[in-house]
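Okay, so here's the structure we're looking at.
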Amino acid sequence: MNVLVIGSGGREHAIAWKLAMSPKVDAVFVAPGNGGTALEKKCENALAGVDPETEAGQMILADFAEKAGVAFSVVGPEAPLAAGIVAAFHRRSLAIVGPDKRAARLEASKAFSKAFMAKYGVRAAASREFAGGGAGFEDALRHVKTHFSQTNQPIVIKADGLAAGKGVVIANYFMEAESCLRSFMKDGVIGDAGRAVVIEDFLRGKEVSVLAAVSVRNGEGVIAPFIPARDHKRRFDNDEGPNTGGMGAIAPVPDFTEAAQADFRSSILEPTLEGLKAENVDYRGFIFFGLMVQDGRCHLLEYNVRLGDPETQAILPLLDSDFADVCAAILNGSLTENRLVWKRGAVCAPVAVADGYPGPYRKGDCVTVNGAAPNGGELSPGVKLFGAGVRLQDGDSFTSGGRALAVSAYAADAESARSAAYRALESVRFEGMGFRKDIGR
Ligand code: AMP
Ligand code: GLY
């Protein structure tokens, strides 16, 4: 069969790579893909410049899927899902892995997702929603003023809409909260996404990402969780510096105990499943639970309606099952947890970023592996290079994005995976390359 992957990041490279491993898959088209997928076995980049967030772009993608005879398409990022790509494909009777637009609001609107959590009893921080407009701003301001007059705990301000990682601010003082509210709600610094906000209690603990396959339709279905992972969001070692899209991931997570996992199931996964069934959405795709865990107790920070980046680059190498079969099971309703078979061992996947990232960064630097152009294979047994912000030109790879690539090393245990990843990263070079040295430490 042929399949189509929509997206251009490291996550999409990992998805395409895993699908290409299936003996049932002949070709993986990646639209638009990146310099990594361009070199991947059985993979072919397609449709550069087509915008999957517009109706016109979705038509072009659907035309392509039809002509290429793809068995199904997999959507990587959230924005096309929020823009209704699933319905556009369904109208053409094309199979697509991803939630419908209504379910995609679990990520696209913080207010919607907080209301869903409250309605179905999913454990999360207490919160209040403030609508856009002058009155909403004044109310929000009063709310944070009262908060800081009663306690010295920080407070968390979340833009309602999709803000590419710039929508959450943790304010330690009233002045910080006020300036954030003003910039989001009044000045529109993150556009319409920040006109309305959710303000919630600050939670302490350690973050864990649980990604899962979801197959819910007509009020029936399952959520099958993957091996847990942990992203490292701050730019510098020891969790210092600004937030980024993710500087590296590990899987599994040693401190996410069995007791905490059981708590996650009963307090978060099960009520979420009940909610999806009750809301009668068509959710055949992936979900990502962003958790805060303290003393074995989990709170849900957020849902994403897609796989995580870079978590996917750490998780998929541990999947022993045929990923094309998993996608087929999601689509045809035969998904069960037993469908997901995991390897023993661990993965460490540090990300290499361009100089300046997450601010304005360098581009166009030549990427080499042991002094030569990357060839798309394994760097060494169990060690894979996933491209993200890289493009291929005349056989050479050049940086084109802030998070350029990830090295994903699979080994028998976490420490061996860590040393294998960092040994391999030493062979990778580009001018201005930066990375964290403490992923998984
Ligand atoms: P979100 O997009 O909601 O996951 O928020 C982005 C990041 O902000 C999370 O990964 C956490 O690091 C942090 N965060 C969000 N909500 C809270 C909270 N209630 N308490 C503490 N940290 C939070
Ligand atoms: N790694 C965080 C995310 O994918 O949103």
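Taken together, the values in this text are just the output of simple stated rules run on the coordinates, not laboratory data. Values in this document were obtained by computation on a predicted structure and should not be read as measured data. Because the Cβ atoms are built from the backbone with ideal geometry, glycine has one as well, and the counts that use them run over all protein chains shown.
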Check: When you go through Tyr361, Tyr410 one by one, which is the residue that is surrounded by 17 or more Cβ atoms within 10 Å (Cβ to Cβ), among the hydroxyl-bearing types (Ser, Thr, Tyr) and out of contact with any strand residue (DSSP E or B) (no Cβ under 6 Å at 6 or more places or on another chain)?
Finding: Tyr361
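Conditions tested, residue by residue: (1) of a type in the set (Asp, Glu); (2) more than 16 Å from ligand 2 (Cβ to nearest atom).
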| residue | (1), (2) |
| --- | --- |
| Leu203 | no, yes |
| Arg217 | no, yes |
| Pro228 | no, no |
| His232 | no, no |
| Phe236 | no, yes |
| Ala262 | no, yes |
| Gly296 | no, yes |
| Glu302 | yes, no |
Item checked: Qualifying positions in the stretch 287-304 - of a type outside the set (S, T, N, Q), more than 10 Å from ligand 1 (Cβ to nearest atom) and out of contact with any Phe, Trp or Tyr (no Cβ under 9 Å at 6 or more places or on another chain) -> Asp295, Gly296, Arg297
Checklist line | Test for Leu307: is it farther than 14 Å from Leu405 by Cβ, aliphatic (A, V, I, L, M), assigned to a loop (DSSP other than H, G, I, E, B) and within 16 Å of ligand 1 (Cβ to nearest atom) | finding: yes
Note to self: I'd like to verify a number: residues in the stretch 51-99 that are within 21 Å of Asp192 (Cβ to Cβ), in contact with an Asp or Glu (Cβ under 6 Å, 6 or more places away or on another chain) and part of a loop (DSSP other than H, G, I, E, B), how many?
What the structure shows: 1
Check: Inside the stretch 95-121, can you point out the residues that are charged (D, E, K, R) and under 19 Å from Gly84 (Cβ atoms)?
Finding: Asp100, Lys101, Arg102, Arg105, Glu107
Next item on the list: Select from the stretch 212-230 the residues that are on the phi < 0 side of the Ramachandran plot and touching a helix residue (DSSP H, G or I) at 6+ places or on another chain (Cβ under 6 Å) and list them in ascending order.
Entry: Ala213, Ser215, Val216, Ile223, Ala224, Phe226, Ile227, Ala229
Checklist line | Hits in the stretch 323-358 (condition: part of a loop (DSSP other than H, G, I, E, B), surrounded by fewer than 22 Cβ atoms within 10 Å (Cβ to Cβ) and among the hydrophobic types (A, V, I, L, M, F, W, C)) | finding: Leu340, Val341
Next item on the list: Give just the number: which of (1) within 16 Å of ligand 1 (Cβ to nearest atom); (2) within 15 Å of Ala278 (Cβ to Cβ) does Gly121 not satisfy?
Entry: (1)
Next item on the list: Among the numbered conditions (1) of a type outside the set (Asp, Glu); (2) outside any loop (DSSP other than H, G, I, E, B); (3) more than 30 Å from Lys158 (Cβ to Cβ), tell me where Gly35 comes up short.
Entry: (2)
Item checked: Lone qualifier among Ala420, Ala424, Ala409 - being outside any loop (DSSP other than H, G, I, E, B), at negative phi and in contact with a helix residue (DSSP H, G or I) (Cβ under 9 Å, 6 or more places away or on another chain) -> Ala409
Notebook entry, point to check: What residue, of Phe430, Phe398, is surrounded by 17 or more Cβ atoms within 10 Å (Cβ to Cβ) and over 23 Å from Ile15 (Cα atoms)?
Noted result: Phe430
Next item on the list: Inspect all residues belonging to the stretch 198-212 and state whether any of them is of a type in the set (S, T, N, Q) and either in a helix (DSSP H, G or I) or free of Cβ contacts under 8 Å to residues at least 12 places away in the same chain (or both).
Entry: no
Notebook entry, point to check: Can you name the number of the only condition in (1) within 20 Å of the chain's Cα centre (by Cα); (2) assigned to a strand (DSSP E or B); (3) charged (D, E, K, R) that Arg391 fails?
Noted result: (1)
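Okay, residues lined up against (1) farther than 21 Å from Asn304 by Cβ; (2) within 21 Å of the chain's Cα centre (by Cα); (3) of a type outside the set (A, V, I, L, M, F, W, C):
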residue: Gly165; (1), (2), (3): no, yes, yes
residue: Met175; (1), (2), (3): yes, no, no
residue: Ser183; (1), (2), (3): yes, no, yes
residue: Gly188; (1), (2), (3): yes, no, yes
residue: Leu211; (1), (2), (3): no, yes, no
residue: Asn218; (1), (2), (3): yes, no, yes
residue: Ile250; (1), (2), (3): no, yes, no
residue: Ala262; (1), (2), (3): yes, no, no
Check: How do the strands (runs of 3 or more DSSP E) wholly within the stretch 100-173 filter down when requiring 1 or more residues that are under 30 Å from Tyr357 (Cα atoms), in contact (Cβ under 8 Å) with a residue 40 or more places away in the chain and away from ligand 2 (no atom under 16 Å from the Cβ): which remain?
Finding: 155-159
